[in-house]
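The values are calculated or read from the model by the stated rules, or taken from the named source; none is laboratory data. Computed from a predicted model, the values in this text were never measured in an experiment. Positions of Cβ are backbone-derived with ideal geometry, glycine not excepted, and every protein chain shown enters the neighbour counts.
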Amino acid sequence: MTAFKAATTAAIAEGGACLRAGRLVAFPTETVYGLGADARSDVAVAQIYAAKGRPVFNPLIAHVASRDLAEREGRFDATARALADAFWPGPLTLVLPVAPTGSVSLLARSGLDSVALRMPAHPVALALLRAAGCPVAAPSANRSGRISPTEAAHVMADLDGRIDLILDGGACSIGVESTIVSCLDRVEILRPGGLSRRAIEDVVGYRIDARRHVETAPVAPGLLLSHYAPRAAVRLGASDVKAGEAVLDFGGRLVGQGAVTLDLSPGCDPTEAAAHLFAYLRQLDASGAAGIAVAPIPDDGLGEAINDRLRRAAAPRG
Ligand code: TXA
Ligand code: MG
């Protein structure tokens with residue numbers, strides 16, 4: 001049985017106790033809902049993979065409530081410090097060398113000698129992490145290959161009966177996952193996300209190469225190309241709508257053309273569009289349409305992350 005609870009103080013305390021007992025708790029963050037387990041425990045982390053039905057063991061992000069804990073887990077250089085100072089708590093994940101005092105399990109790290117760390121900004125996430133008192137491994141709280149959840153009801157639809165507790169903290173404000181920045185040999189953006197490339201470049205002081213991620217890229221094995229897949233076929237950059245297609249619009253370009261249309265942002269704001277992306281994909285998929293025509297979306301700001309997720313949604317299914 002999965003308990004579904006509003007994220008009250010009592011429910012958050014119960015969530016912390018669940019995590020300490022090695023069980024699974026889904027919780028809101030400002031990006032997407034996460035499926036949390038004690039990151040120090042291989043046994044607890046293994047249950048995340050089982051609940052999600054993940055085909056492979058990808059390394060997971062360890063979530064922390066404090067900079068102190070983060071510095072015990074990862075080795076921060078000057079760039080990592082500057083990025084954490086500027087953007088934590090928030091939608092930034094740092095990949096760092098594991099610190100000698102690190103406690104994140106090998107399974108959560110997929111055997112790598114680096115660790116992905118994030119301090120989320122959502123008050124419920126921070127309170128839960130404090131209650132747990134340990135780093136919490138948390139991928140998005142969806143079944144493997146499905147669209148990431150931005151509302152507690154999405155989590156329930158995917159994981160009911162497979163996890164212990166869902167904390168409902170309302171809709172996620174950002175709506176796409178965190179931006180992952182590696183600070184290993186050089187600074188690299190491994191996954192575009194809720195923090196724009198430009199904001200990161202402003203802090204590091206130089207331009208970071210845009211490189212398109214290939215699903216086989218060994219550095220971020222979690223970036224499977226056919227991820228976020230709706231049932232309906234997704235067609236990108238559409239300038240018209242074909243019979244049987246629902247429409248994911250941007251800026252009213254395809255207005256009036258489809259039977260079912262949702263506009264990510266009528267005013268062309270990529271931040272607003274990101275917040276709606278996953279919920280709208282779910283809704284259009286649930287409409288029963290055979291396909292989803294997606295209007296072109298510029299790469300500005302969070303547009304880069306939106307287009308990355310849409311390319312994955314449109315990729316041939318593996
Ligand atoms: O917004 C988010 O980041 C959400 C919320 C719940 O915080 N979490 C999330 O976690 O998206 P997950 O597990 O779905 O994404 C983990 C990503 C994967 O692409 C994985 O390959 C990468 O992080 N990753 C983790 N550890 C890594 C490492 N040591 N080196 C390179 N990539 C790593
Ligand atoms: Mg995910």
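Tabulated data for the structure shown
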read-out: Condition check for R207: of a type outside the set (D, E), under 23 Å from R118 (Cα atoms) and either surrounded by fewer than 15 Cβ atoms within 10 Å (Cβ to Cβ) or modelled with pLDDT of 95 or more (or both); value: yes
read-out: Only one of L69, L19, L35 that is within 20 Å of S103 (Cβ to Cβ) and outside any helix (DSSP H, G or I); value: L35
read-out: Residues that are within 26 Å of L264 (Cβ to Cβ) and part of a strand (DSSP E or B), drawn from the stretch 167-184; value: D168, T179, I180, V181
read-out: Residues (more than 14 Å from V32 (Cα to Cα) and either surrounded by fewer than 24 Cβ atoms within 10 Å (Cβ to Cβ) or in contact with a Cys (Cβ under 6 Å, 6 or more places away or on another chain) (or both)) located in the stretch 133-146; value: G133, C134, S144, G145
read-out: Residue check, R109 away from ligand 2 (no atom under 16 Å from the Cβ), more than 19 Å from P192 (Cα to Cα) and not in a loop (DSSP other than H, G, I, E, B); value: no
read-out: Restricting the stretch 110-147 to residues that are without any contact (Cβ under 8 Å) to a residue 60 or more places away in the chain and within 17 Å of S173 (Cα to Cα), the residue that is nearest to ligand 1 (Cβ to nearest atom); value: M119
read-out: Residue count for the stretch 128-153, restricted to those that are away from ligand 2 (no atom under 13 Å from the Cβ) and either under 13 Å from V25 (Cα atoms) or touching a strand residue (DSSP E or B) at 6+ places or on another chain (Cβ under 6 Å) (or both); value: 8
read-out: Residue tally, condition among the aromatic types (F, W, Y) and more than 21 Å from the chain's Cα centre (by Cα), over the stretch 46-103; value: 1
read-out: Residue in the stretch 147-165 that is in contact with a Cys (Cβ under 6 Å, 6 or more places away or on another chain) and outside any loop (DSSP other than H, G, I, E, B) present; value: yes
